[in-house]
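Participant: Just passing along the structure, written as structure tokens.
The values are calculated or read from the model by the stated rules, or taken from the named source; none is laboratory data. Remember, predicted model here, so these are calculated numbers, not experimental data. Cβ placement follows ideal geometry from the backbone for every residue including glycine, while neighbour counts extend to all protein chains displayed. Note: areas computed on protein heavy atoms with side chains; ligands, DNA, RNA excluded. Shrake-Rupley method; radii C 1.70, N 1.55, O 1.52, S 1.80 Å.
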Amino acid sequence: MAVRGLGRIQPRRPNTWVVGVVCFALASNVGRLHLSLLSSVGDAADAMLLPQSSATDGTRPHLANAINQTGRIGDSDPRSANSPTNRVDPLQAPSDYPFLVPSDFVPLSGPSTIIYADAEGSARTLLKEAQTPRSIPDDIIDPAIEEARCGRYNLKYSGRKERRRIFYGSTIADDSWHIVSITAMENYGIFHSVALVESNRTHMNNPRDLRFGPGSENLTVLQNGMWGPNVPVTVDLFVNEVGTHLPGWHPAGHGMEGLMRGHIIKRWKKNGMTVDDVGYLADMDEFYTRDYLRAIQICEVKELDAHENCKKARLSATTHIFEGGPECKSSKIIYHPDLTIGACIEGISNSTLHVKPERGWRGFGWLGDGWGPDSGYRKVPKNATHYPLFRASDFRRMPGRSYNAKGFSYNAFHLHNFFADISVLRNKYSTYGEIVAGASEKPLGSIHGDLNVMVVCGLNVSNPVYTKKERWAGGLETLKGPIPLAFQIKGYVGGKMAELKDMLLLDGNVYR
């Protein structure tokens, strides 16, 4: 397997306060490991840029007839079995919406190594699919297809010859191989690069073991081509043992999360991000549909092209949630992940032109009240021509626009609590950002409304009086547009739902 490196690292003089981030990658030709210590808000250690991938490389294999013009789910769809929950017809998209299906991504000849790490059951099925080298059927720009794609999101195609480059970033922790594989498959061959950050502490400062450390098998899986043949993947390690900004002070919750995400932008900068590129910030378990991302890359989008010097430069999402399994659709809607043009990202753009705002968390947090679009920029001087730049902590707090398609009102998915082990799930609610007292012992359905939906669906029981959040009856069959590519892999939906039921029964403590 080819591995990629960062080049020579130069140490810098430390700041007066420290958050450590250990950056690592495997060297491309000698396999050596490079470590460095980065300041949490200071300059990053000097490093060579990672190789850039081209989203319009015409040498990649392309299937001239790969797109299913009827919009039907392909033969690999797991719901083709004779089961009351495996009906195909309600899932048909409008006939003029040619969404890709797994069979459009044709496996390429040549040797490939599949690494399963600690994955079991249906997660192994996805890891195999995700690591198999395959074609990118929507890689080459076809003006007719792109014009239709833009049209369904009420956008215009003006003949753009190159797709916008998208730089992806997310924190990563105990996310299951289900989540990693599903996200990678949906975005196969789309991203310029993937920047991940892992910490040795949870958002609430509880210690945790690193999963993707230097030389680990898990890191090798992430870098084994699952995001695309030319997509470099890095994991920066965020270590916060001595406190941040003031001695002994440990921000928690969204503050800690914001600091971690700040290093994603530093990695984007190292990877070659420019003001014309798009930053995509997400949690690992949430992602835009492939069709929508392709539209963002090629269509005329005001928030990317005519954002009034960053006044209107935010894109959010309209996101359907699945709790624990592919059939467990929640009635809840969220508005992440998030996109921002590089010209409006602090650390990428020229900050001297833009208003310097007040910020929370002692100056290094998100935009203060009155300085962002959420509060109408009321503190920004009236004569200002350039609005505040966005930090990573602003991506998820500042509102943005979501372009929904004609015929279906969503463009993203959140696959929440897709764990393979109930103990990992309970630990999340005991130690991460949504801490619930007694989560390790409470009946599962009473811990959180989201878990109630998962239990109701996984065990096929009626909604108990724990929460107003409910399962959306019908699950996958209620979707009128695209569904995740991974959900169409033969046997996956049924396999994951069976594993969810077994996991809940094994726990035993789901309701009083």
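Participant: Between I435 and E358, how many nm apart are label points set 7 Å from Cα along the C-beta direction?
Facilitator: Computed distance between label sites I435 and E358 equals 2.9 nm.
Participant: Tell me, in nm to one decimal, what length is gained between I333 and L459 on full extension, where the rule is 0.36 nm per residue of separation less the Cα-Cα distance? All intermediate terms of the calculation are to be shown ahead of the outcome.
Facilitator: Working: separation 126, 0.36 × 126 = 45.36 nm, distance 2.26 nm.
Taking I333 through L459 to full extension adds about 43.1 nm, to one decimal.
Participant: Please list the non-local residues whose amide H lies under 5 Å from the amide H of L315, H modeled 1.01 Å from N, same-chain partners needing a gap of 5 or more.
Facilitator: It is L339, R401, by chain and number.
Participant: When ranked by the protection proxy of mean other Cβ atoms within 10 Å per residue, highest first, what sequence do the peptides 371-378, 284-291 form?
Facilitator: On the way: 371-378: 16.5, 284-291: 23.0.
By packing density, highest mean first, the sequence is 284-291, 371-378.
Participant: Over the range 100-241, average the accessible area per residue using a 1.4 Å probe and give it in Å², no decimals. Kindly include the intermediate steps, with their values, before the conclusion.
Facilitator: Values: 4760 Å² over 142 residues.
Value for the range 100-241: 34 Å² per residue.
Participant: Step through the residues of the range 283-291 one at a time and calculate ³J(HN,Hα) from phi using the Karplus curve (6.51 cos²θ - 1.76 cosθ + 1.60, θ = phi - 60°), rounding each to whole Hz and writing x for Gly and Pro.
Facilitator: Per residue, the Karplus-derived 3J(HN,Hα) values read 8, 4, 8, 10, 7, 6, 5, 4, 4 Hz.
Participant: Report the rotationally averaged projected area of the range 180-238 based on its alpha-carbon convex hull, in square nanometres. The partial results should precede the final answer.
Facilitator: Values: hull surface 17.2 nm².
Seen from a random direction, the Cα hull of the range 180-238 projects 4.3 nm² on average.
Participant: So what is the accessible area of the range 330-397 per residue, in Å², with the probe set to 1.4 Å? Intermediate results must be reported in sequence, preceding the final value.
Facilitator: On the way: 3030 Å² over 68 residues.
For the range 330-397, the per-residue accessible area is 45 Å².
Participant: How big is the accessible area of M503 in square angstrom, nearest 10, if you roll a 1.4 angstrom probe over the protein chains?
Facilitator: 20
Participant: Quick one: which residues, 5 or more positions from H386 or on another chain, have an amide H under 5 Å from its amide H? H modelled 1.01 Å from N in the peptide plane, none for Pro or chain starts.
Facilitator: Answer set, sorted by chain and number: V355.
Participant: Just to check I understand the Karplus step: with θ = phi - 60° and J = 6.51 cos²θ - 1.76 cosθ + 1.60, what whole-Hz values come out for the range 342-357, glycine and proline as x?
Facilitator: x, 4, 10, 10, 5, x, 10, 8, 7, 6, 5, 7, 9, 4, 8, x
Participant: Probe of 1.4 angstrom, ligands and nucleic acids ignored: what's the accessible area per residue over the range 289-329, in square angstrom? Kindly include the intermediate steps, with their values, before the conclusion.
Facilitator: Working: 770 Å² over 41 residues.
That works out to 19 Å² for each residue.
Participant: Given H placed 1.01 Å from N in the peptide plane, which residues other than close sequence neighbours of S135 have an amide H under 5 Å from its amide H?
Facilitator: Placed amide hydrogens put V106, L108 under 5 Å from S135.
Participant: Among H320, Y292, I348, whose Cα lies farthest out toward the positive end of the dipole of the range 256-382, if unit charges sit on the beta carbon of Lys, Arg (+1) and Asp, Glu (-1)?
Facilitator: Positive-end residue among those listed: I348.
Participant: In addition: Which one of N206, M185, Y157 is farthest out on the positive end of the charge dipole of the range 155-229, using unit charges on Cβ (Lys, Arg +1; Asp, Glu -1) and the Cα centre as origin?
Facilitator: My answer, from the dipole projection, is Y157.
Participant: Moving on to the next point. Would you kindly give the portion of the calculated P(r) for the range 320-402 that falls above 23 Å, as a percent of all Cα pairs? Working shown, then result.
Facilitator: Numbers: 1066 of 3403 pairs.
Distances greater than 23 Å cover 31 percent of the Cα pairs.
Participant: Convert each backbone phi in the range 193-198 into a coupling constant with the Karplus relation 6.51 cos²θ - 1.76 cosθ + 1.60 (shift: θ = phi - 60°), then list the ³J(HN,Hα) values in order as whole Hz, x for Gly and Pro.
Facilitator: 7, 10, 10, 10, 10, 10
Participant: To make sure I understand the rule: partners must be lysines, Cα under 29 Å from the Cα of K269, and not fewer than 8 residues away in the same chain. Which ones qualify?
Facilitator: The reachable lysines, counting only those whose Cα sits under 29 Å from K269, are K161, K302, K311, K312, K356.
Participant: Quick one: length gained pulling K302 to E346 fully straight, 0.36 nm per residue minus the C-alpha distance? Mind showing how you got there, number by number?
Facilitator: Values: separation 44, 0.36 × 44 = 15.84 nm, distance 1.96 nm.
The span from K302 to E346 would gain 13.9 nm if fully extended.
Participant: Hey, which lysines would be in cross-link range of K480, C-alpha to C-alpha under 26 Å, not counting anything within fewer than 8 residues on its own chain?
Facilitator: K156, K329, K332, K406, K468, K469, K490, K496
Participant: By the gyration tensor of its Cα atoms, with a ≥ b ≥ c the square roots of the eigenvalues, what is the shape of the range 251-351: rounded for a/c under 1.5, prolate for a/b over b/c, or oblate? Can you show the working numbers first?
Facilitator: Numbers: a/c = 2.09, a/b = 1.33, b/c = 1.57.
In terms of gyration-tensor shape, oblate.
Participant: Out of the total accessible area of the range 346-413 (probe 1.4 Å, heavy atoms of protein only), what percent is carbon and sulfur?
Facilitator: Numbers: 1550 of 3210 Å².
On the range 346-413, the fraction of accessible area on carbon and sulfur atoms equals 48 percent.
Participant: What accessible surface, in Å², does a 1.4 Å probe find on I115, ignoring ligands, DNA and RNA and rounding to the nearest 10?
Facilitator: 30
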